[in-house]
Number of protein chains: 2
Amino acid sequence: MSDIKITSAFWREYQELITKEVLPYQWDVMNDAAEVEMMHEPGGNEELPESSHAIANLEIAAGLKDGRHSGYTFQDTDVYKWLEAAAYSLKYHPDAKLARITERLLDLIAEAQDDDGYLVTFFQIEAPDRKFARLKQSHELYTMGHYIEAAVAYYEVTGNEKALGIAVRMADCIDAHFGSDEDQIAGYDGHPEVELALVRLYEVTHDAKYLKLAKFFIDERGQDRFFDRQMEADGLDRDVIDGMRNFPLSYYQAEKPVREQETADGHAVRLVYLCTGMAKVAHLTQDTELADACRTLWGNIVNKRMYVTGAIGSTNIGEAFTGDYDLPNDTMYGETCASVGLAFFAKEMLELDSKGEYADVLERVLFNSIISGMSLDGTHFFYVNPLQANPGICQHNPNRAHVLSRRADWFGCACCPSNVARMVASIDRYMYTMKENCILMHQFISNEATFDNGVKVSQTSNYPWDGAIQCEIQKEGSRIEKMGIRIPNWTEGHFTVVVDGKQESFVPEDGFVYVPLKEGKTVISLDLDMSVRQWQANPKVPYNFGKVALQRGPMVYCLEQTDHKADLWRYRLTNDSEFTYRFEEQLLNGVGVISGNGERSCAPESEDLYHAYGDIVWEQDDLFFIPYYAWANREDGQMQVWIDHK
Amino acid sequence: MSDIKITSAFWREYQELITKEVLPYQWDVMNDAAEVEMMHEPGGNEELPESSHAIANLEIAAGLKDGRHSGYTFQDTDVYKWLEAAAYSLKYHPDAKLARITERLLDLIAEAQDDDGYLVTFFQIEAPDRKFARLKQSHELYTMGHYIEAAVAYYEVTGNEKALGIAVRMADCIDAHFGSDEDQIAGYDGHPEVELALVRLYEVTHDAKYLKLAKFFIDERGQDRFFDRQMEADGLDRDVIDGMRNFPLSYYQAEKPVREQETADGHAVRLVYLCTGMAKVAHLTQDTELADACRTLWGNIVNKRMYVTGAIGSTNIGEAFTGDYDLPNDTMYGETCASVGLAFFAKEMLELDSKGEYADVLERVLFNSIISGMSLDGTHFFYVNPLQANPGICQHNPNRAHVLSRRADWFGCACCPSNVARMVASIDRYMYTMKENCILMHQFISNEATFDNGVKVSQTSNYPWDGAIQCEIQKEGSRIEKMGIRIPNWTEGHFTVVVDGKQESFVPEDGFVYVPLKEGKTVISLDLDMSVRQWQANPKVPYNFGKVALQRGPMVYCLEQTDHKADLWRYRLTNDSEFTYRFEEQLLNGVGVISGNGERSCAPESEDLYHAYGDIVWEQDDLFFIPYYAWANREDGQMQVWIDHK
């Protein structure tokens, strides 16, 4: 449908990092060939394994090796998400060695797959009699769904039919076992994902049964006591993941039918994966009720439960949403995977509705809470992406122990590292949304795009550091009549559009200006106001009252202790604060930084824990802001996004 | 040694509440005769029982009833702490009915006691073969220690030898089983308490073996792998309390020998109970090294880890201390029992050193974080005493779910309700500390005291609402030469002392002024400055930066939502704030309240979660403060101790 090549310096660098560092590193880790310190995923309560063992599990399942399964029931998904990232990488950076590795990996996966299409190494190795018997915890459909996603991507990039064939056999296996027939399981997975994967498979195979199966899983969800019935039959105390038994049904997105859910509750990743599948099905089946359910959940997330970085999940307990306006900065979760999932959801909402707010949020997570999940060297990862960190406290306070100030080598549950890899590697898929007679250009990441409807776009800029964006659009006999260009909400309406040299005064409709396209070439110059902006949170958010967060362009900024003289909470901005932006070539691989004048409290240190109030003495001092995504790449210390404002 | 009768209107009312409401209510609850909604103690992870069953456990152990044990291994302690409170009540309010109940209870306890003196109903009923086999979790010495405390109190009040006899047999049983001999257990209880109880028993029996045994437990603590060895022998997975197996040794105050501990870590109640025992032993055995260990731990608590209300324990996870200056207001614990234990510790430190700071902290917990643990009607209790509560958030955020804004009827682990009862009922024991040639008068709770060294004191005031304190001291041929009167640290040095009508300019030494006593009568008028004080926390405490807490006299104040127009975080004080104090007879059983002018932000409500910073518009508004102890006795809502200061 389209061929899009990313040319953005910022994102090209990230994509090359994926190819050159991240994929080789993660491949070594999954092969237990890298020396890594494993870290508990912060919500975890399993014994910590010594290594990933993800490839070994497949080898054992394939009969190539003896041994026991190690890791979670969904350990295979690390491999699949890596494979998906590798597929995308092969597109923008063909590499014979990587291609050989992925082809061999596909051979291994094929060998590990059972004759009936089933492939979840944990159950094949450890509990073959319990396949599909305990879906609340098993992650079997989640696991196979991740392979299906990877295979579709691999097929799309390479045309490899073998990869797709494995996926088709898996999906057929699932289709055979699940459904409304008497001999089928009328149930669903405790972790949504297969829904969106099946729609992806439908999109390449055009076999309607996969779409129907996705819809079945969505509509079945939360309808009855499915989980309980299965657990009773399987044996109540025979958990396959410790500690999950008592999580409420809302954690599993199974408290009520999805069409009746009005608030974003429970496990954040589960919710956004589910919503992505729901939005895909709603779009493809013209199910307006389901689309409305998506809109309701979207609205609750982004208007009441989302951090300014795009992070979601206000608590580590259940890695979950909490309540409206409950956005603590220092006890939060903000899982990298949840931001990735929110990007998925946003992309699908753009298919449903031509509204800029979806793309605004997509941009927010891409430039902030997703890439913050990976270190600049590509080999360290955050699970939790806090808006405030204080290593001195997190070391001692178990309510804050999940908030790391250093990225980890790897995790016992390593869902995030490969998720950020596949997201960054597939960034080209998040640039445009095709409508009836219009293309929505909603991201400003330089690219060269050729659409199969006779439109070519060349977009160039130094975004995110510069707001001047040049687009050359070539149209030859296409049904496309106009280009919808998003005006980001952070511009607060300050932008100019010049079409073929003439400034036009477009008024955005739902966040887009629509530029008519003539036959041949249209040149559009967009200029977005890149002033430093200070946001404040809704006053119903208790944690941020009287504070501001800085944003410039799509980038949210933060303070790091290493650039400051004292504890970060002793700084504040004032009405006299002015901000200077500059690009620092040598810092953090090159970042745009902000200096601002403000004040620092310089009260003499007291030994007393409590003492009589005296005016706090404020001294003029400078604050130094770096983009949020780049924090924790220098010396360990405090970090803060929300800053006191006098 | 002394006979002290409380005459303070404030505390008499509390003591009458104990007698008339609290003791009958708790007796009914323990007899499963009250309709109560049981609530999980907020750190708890056991199945919640339907009722207390505490008396029933004793009846079953005594063979009077069939059935199983229900509740924790230390369920008996609810009864013992109640008995201790009843003993104190019988002193200040003789009551034939209560005396009959306690006598019968003692009969029941005697019947439940094994021939060898052992009495822990859980092990007698459920696991007689595992007595003393798993002390890390069993609470056996803790349980018997609580009986010993109760029995000593009962004996002191009533002279009842039977009560004491049971305690002596218990202590002898412990003495027989524990020690350095080859056939003895060289170990200690996972929950310190027996140490202080054994010293109490020594104080009434003068039998040195109890003091020696207390010292043995203190010195044995943290010395070796005792817990591990016992658990291995008993069967690693045979927990008697679920979920406790993986708590670190610091939780049990067993990570290192107590003399080497430099910071207050682990379970807060365990630490202060242990320190109380340590200070008692240090005092009675002239063990200066042990006394220094007490001073070190005291200093760390009160200078770095104590809330302004006197509450301790910064996290619900492990009901524990965290680190220096880590005093979050909304995720904290501040268990009522920990404040009670801190009062015990303070009292013992006063025996060691004539320093006002111990009595300052004692006053702080008595007037704030202990009595906040009980509702004004005496039938509802807090386990957690937060400095900030927001019911809207606590309902949805599991990191804050332990912070209740309503006191509970009763708890699965009901340690706090009876602890506050015995503390309030024995308040007369916390007024004075006897030194060589001096009496320290360190609390200003009106009383009539007769000391057996020929001194009588009559102290009258309307404290805590009024700072004018009258003392008449009658001395007849006593070794006592002077009266040490504490000058509270909250006066900031503003006080006057008039002796026999003449104003004297004493300079406090370590927080005390020493008034010489002549033969016959000395009249001392003390006037403490009761101005409203604004405290600020050390700037190293991130949570309180830029905020103040109000205190007047010993009372810390708070805001409640019911008295205000908007969310409490939208109010602030300014340098123009002035405070007016008045006593409100009709409010909250009569309280001194503070009105202050301040500001309220009146930004228009926005639907946006984030919006561009605009000056917050502040309107003049009034703030209304009530004493902290009295919060949560009206309609449910937000509460806040620390208030923003412009």
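Note on residue A:481/residue A:531: beta-carbon distance plugged into 1/(1 + (r/R0)^6) with R0 of 35 Å gives a FRET efficiency of 0.55.
Summed over the residues of segment B:3-430 and divided among them, the accessible surface reaches 31 Å² per residue at a probe radius of 1.4 Å. Ellipticity at 222 nm from helices only: DSSP H runs of n ≥ 4 in chain A, each -39500 (n - 2.57), divided by the residue count, give -10500 deg cm²/dmol. For segment B:358-403, a decrease in accessible area of 40 Å² or greater in the assembled protein chains relative to the isolated chain, with a 1.4 Å probe, applies to B:393, B:396, B:397, B:398, B:399, B:400.
Close amide-amide hydrogen proximity is noted between residue B:560 and B:626, each under 5 Å apart and 5 or more residues distant or on a separate chain (H modeled in the peptide plane; Pro and chain starts excluded).
Solvent-accessible area of chain B (1.4 angstrom probe, protein heavy atoms only): carbon and sulfur portion equals 45 percent. Relative to the compact-globule estimate of 2.2 N^0.38 Å, the Cα radius of gyration of segment A:536-579 comes out at 1.29. Annotation: lysines with alpha-carbon distance below 19 angstrom to residue B:355 (same-chain offsets under eight excluded): B:280, B:304, B:347, B:435, B:482. With the simple model of a label 7 Å out from the Cα in the direction of the Cβ, residue B:100 to residue A:115 spans 8.4 nm.
Buried between A and B is an accessible area of approximately 5000 Å², summed over both sides with a 1.4 Å probe. Paramagnetic label reach from residue B:494 (point 7 Å along Cα→Cβ; backbone nitrogen cut-off under 14 Å): within segment B:577-608, residues B:578-581.
Annotation: extensible slack from residue A:35 through residue A:129 equals 30.3 nm (criterion: 0.36 nm per residue apart, minus Cα-Cα distance). Shown in residue order for segment A:473-478 are the 3J(HN,Hα) couplings computed by the Karplus curve 6.51 cos²θ - 1.76 cosθ + 1.60 at θ = phi - 60°: 10, 10, 10, 10, x, 10 Hz (x for Gly and Pro). In order along segment A:242-248, the phi-based Karplus estimate (6.51 cos²θ - 1.76 cosθ + 1.60, θ = phi - 60°) of 3J(HN,Hα) comes to 4, x, 8, 4, 8, 4, x Hz; Gly and Pro are listed as x. Rounded to 0.05, the FRET efficiency of the residue B:377 and residue B:582 pair, given R0 = 35 Å and the Cβ-Cβ distance, is 0.90.
Rounded to two decimals, the Cα-based Rg/Rh of segment B:533-645, with Kirkwood Rh, is 0.99.
Anisotropy class assigned to chain B is oblate, per the alpha carbon gyration tensor with a/c at or over the 1.5 cut-off and a/b no larger than b/c. Using a 7 Å projection from Cα along Cα-to-Cβ, the label point at residue A:611 is separated from the same position in the remaining copies by 4.1 nm, smallest value first.
Of the peptides A:376-383, B:633-640, the order by per-residue mean of other Cβ atoms within 10 Å, starting with the highest, comes out as A:376-383, B:633-640.
Taking the chain by itself as reference, segment B:522-543 contains these residues with an accessible-area loss of 10 Å² or more in the full protein complex (1.4 Å probe, heavy atoms): B:534, B:535, B:536, B:537, B:538, B:539, B:540, B:542, B:543. Solvent-accessible surface of segment A:533-645, averaged per residue with a 1.4 angstrom probe and all protein chains in place: 36 square angstrom. Rolling a 1.4 Å probe over the protein chains gives residue B:288 an accessible area of about 100 Å². Calculate the spin-label point distance for residue A:66 paired with residue A:406, positioning each point 7 Å from the Cα along the beta-carbon direction, and give it in nanometres. Result for the modelled spin labels: 3.9 nm. Calculated accessible area for segment A:432-528 comes out at 41 Å² per residue, all protein chains present (probe 1.4 Å; ligands, DNA, RNA ignored). Per-residue 3J(HN,Hα) values for segment A:428-443, derived from phi via the Karplus relation 6.51 cos²θ - 1.76 cosθ + 1.60 with θ = phi - 60°, read 4, 7, 10, 8, 10, 10, 8, 10, 2, 10, 7, 10, 8, 9, 10, 10 Hz in sequence order (x marks Gly and Pro). Between the residues B:528, B:433, B:474, the greatest Cα displacement towards the positive end of the dipole of segment B:432-528, with unit charges on the Cβ of Lys, Arg, Asp and Glu, is found for B:474. Comparing the chain by itself with all protein chains present, which residues of segment B:575-621 are at least 20 Å² less accessible (probe 1.4 Å)? Listed in order, they are B:575, B:605, B:606, B:607, B:609, B:610, B:611, B:612, B:613, B:615, B:616. Relative to the compact-globule estimate of 2.2 N^0.38 Å, the Cα radius of gyration of the protein assembly as shown comes out at 1.03.
Once the C-beta distance of residue A:474 and residue B:574 is scaled by a Förster radius of 56 Å, the resulting FRET efficiency is 0.35 to the nearest 0.05. Protection proxy ranking for B:389-397, B:446-454, using the average of other Cβ atoms within 10 Å per residue and placing the highest first: B:389-397, B:446-454. Between the amide H of residue B:511 and those of B:356, distances stay under 5 Å, these residues lying 5 or more places away or on another chain, with hydrogens modeled in the peptide plane.
Straight Cα distances below 18 angstrom link residue A:646 to the lysines A:547, B:547, B:646, with same-chain residues fewer than 8 positions distant left out. Taking 7 Å steps out from each Cα toward its Cβ at residue B:207 and residue A:262 produces label points 6.8 nm apart.
Each 10 Å bin from zero holds the following percent of Cα-Cα pairs in segment B:314-356: 27, 38, 29, 6. Sorted from shortest to longest, the distances between the residue A:244 label points of this copy and the other copies are 3.0 nm, with each point 7 Å from Cα along the line through the beta carbon.
The values are calculated or read from the model by the stated rules, or taken from the named source; none is laboratory data. Just so it is clear, the structure is predicted and the values come from calculations on it, not from any experiment. Cβ sites come from the backbone with ideal geometry, for glycine too, and all protein chains shown count toward neighbours. Heads up: the accessible areas ignore ligands, DNA and RNA and are worked out on the full protein's heavy atoms, side chains in. Shrake-Rupley method; radii C 1.70, N 1.55, O 1.52, S 1.80 Å.
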